[in-house]
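So the structure is just underneath, and the comments pick up after that.
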Amino acid sequence: MMQTSPSINTQWAIGLDIGGTKMSSALVNPEGQMNGFQHIATPTESELFLNAIETLVKEHQRVEPQHSFLGLGIATAGIVDPIEGKILGATGNLPAVRGISSLKQILESRLGIPVMVENDANAAAYGEARGGAAKGFRNVLMITLGTGVGTGIIIDGKILHGAHFSAGEGGHIFISQAKERLCTCGKWDCWETYASGTGLGKTAHRMLKATPNADTSQLMVGKTSVEEVTTHDVIAAFRSGDPLAEKMLDAWHVHVATGLASLLNVLDPDITVVGGGMAQFVDFPTLLRLTQERSMVAGGDGLNLVPATLGNQAGIVGAAFLARDQAGA
Ligand SMILES: [Zn+2]
């Protein structure tokens with residue numbers, strides 16, 4: 001039998017998550033385990049931005065020089081063309097990429113390793129599918145409940161990109177005709193205006209206005225108007241057992257279930273992963289029941305709804321797996 005060195009068998013890929021304020025990277029092995037996690041502030045100028053990525057990669061290569069690197073996978077905000085490795089229409093919070101035509105091409109020539117670029121929500125879903133809560137499943141829906149609602153869709157083991165690389169914007173499906181809540185996308189009553197943390201805050205304001213003697217609620221302590229009540233206040237009151245805050249969380253669960261049920265009717269995934277900062281406030285048996293009541297495909301016992309396991313590192317892990325796929329490893 002031919003001898004191969006342990007360094008080649010290890011086959012690390014580098015995962016890099018580019019956010020508006022910071023960039024984080026780590027080495028990821030074939031099992032999805034990370035090593036050498038590091039982060040750096042995201043520069044706003046293109047050349048400094050490219051230099052910063054080079055610095056992160058060089059540091060991984062310095063610390064683990066004995067290992068072979070399969071490539072660099074990048075998870076970034078914005079709409080991404082993963083074939084060309086381009087970030088299309090630079091996002092407002094990532095000014096550094098405005099002057100860059102193909103991030104993939106530029107970095108491959110600078111770093112001398114294969115580079116893969118993917119949208120961060122897609123990469124996170126792929127990370128959970130390959131190395132997290134949905135490991136082993138081929139059809140995966142991931143919903144990320146945070147300040148907004150993000151979705152990533154994996155069909156038969158592959159990320160669904162769509163004709164314009166804009167698929168998987170599940171946070172912007174309409175769940176009402178009421179024109180009650182204006183979304184950041186410019187349309188009314190998108191799912192995320194209800195199911196996000198921001199949406200929970202809006203729900204709280206409406207419920208406080210509709211509640212007689214709301215000014216006696218714990219939520220109104222130190223406030224002069226209901227608009228001053230934040231999502232954080234609602235969560236704090238909920239944790240201390242405030243009945244009105246509990247009703248607000250109940251309503252939020254219905255809102256999450258309403259959009260989720262529609263997505264399940266379209267996709268019928270093997271498993272749905274729930275991540276993001278708001279996921280910790282999800283009561284999974286309740287969300288399961290509410291979603292089953294609203295969905296055709298989930299009417300039986302086939303709905304598999306689980307919390308994400310990779311947290312903020314899902315994008316890094318997913319991006320590294322994409323680099324691994326590209327290398328044919
Ligand atoms: Zn929207």
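No lab work stands behind these numbers, since they all come straight from the coordinates. Just so it is clear, the model here is predicted, and its values are computed rather than measured. Here the Cβ is made from the backbone with ideal geometry for all residues, glycine too, and neighbour counts use every protein chain on show.
Figures for the structure shown
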| item | result |
| --- | --- |
| Cα gyration tensor shape of the stretch 144-210, rounded if a/c is under 1.5, else prolate or oblate by comparing a/b with b/c | prolate |
| Ranked 106, 74, criterion: other C-beta atoms within 10 Å, fewest first | 106, 74 |
| Net charge dipole size for the stretch 59-184 [Lys, Arg +1 and Asp, Glu -1 on Cβ; Debye, nearest 20] | 60 debye |
| Simple spin-label estimate for residue 240 and residue 284 in nanometres, 7 Å along Cα-Cβ | 3.0 nm |
| Electrostatic dipole magnitude of the chain [Cβ: Lys, Arg +1; Asp, Glu -1; Cα centre; debye, to 20] | 160 debye |
| The stretch 14-110 - percent relative contact order, Cα under 8 Å, separation 6 or more | 28 percent |
| Number of Lys pairs (Cα under 16 Å; 8 or more positions apart or on different chains) in the chain | 8 |
| Quotient of C-alpha Rg and 2.2 N^0.38 Å, computed over the chain | 1.08 |
| Footprinting exposure proxy for 206, 324, 62 (fewest neighbouring C-beta atoms within 10 Å first) | 62, 206, 324 |
| Helix axis angle, 314-326 relative to the chain longest principal axis, alpha carbon, degrees | 40 degrees |
| Summed side-chain charge close to residue 290 - residues other than residue 290 whose Cβ falls under 12 Å, Lys, Arg +1, Asp, Glu -1 | -1 |
| Euclidean distance between Cα centres, the stretch 45-93 to the stretch 105-148, Å | 13 Å |
| In nm, spacing of pseudo-spin labels at residue 188 and residue 37 (7 Å Cα→C-beta vector) | 4.4 nm |
| Net dipole in debye of the stretch 115-258 [+1 Lys, Arg Cβ; -1 Asp, Glu Cβ; about Cα centre; nearest 20] | 220 debye |
| Neighbourhood net charge (12 Å Cβ-Cβ; Lys/Arg +1, Asp/Glu -1) for residue 223 | -4 |
| Cα-based convex hull, the stretch 11-131, per residue volume (Å³, whole number) | 92 Å³ |
| Net +/- balance of residues flanking residue 80 in space, Cβ distance below 14 Å, scoring K and R +1, D and E -1 | -4 |
| The stretch 96-207: C-alpha gyration tensor shape, a/c 1.5 cut-off, then a/b vs b/c | prolate |
| The stretch 203-292: Cα Rg divided by the 2.2 N^0.38 Å rule of thumb | 1.24 |
| Extended-chain gain in nm, criterion 0.36 nm per residue less alpha-carbon gap, residue 59 and residue 221 | 53.3 nm |
| The chain - share of DSSP beta bridges that are antiparallel (%, nearest 5) | 55 percent |
| Sorted by Cβ density within 10 Å, fewest first, the residues 258, 231, 44 | 44, 258, 231 |
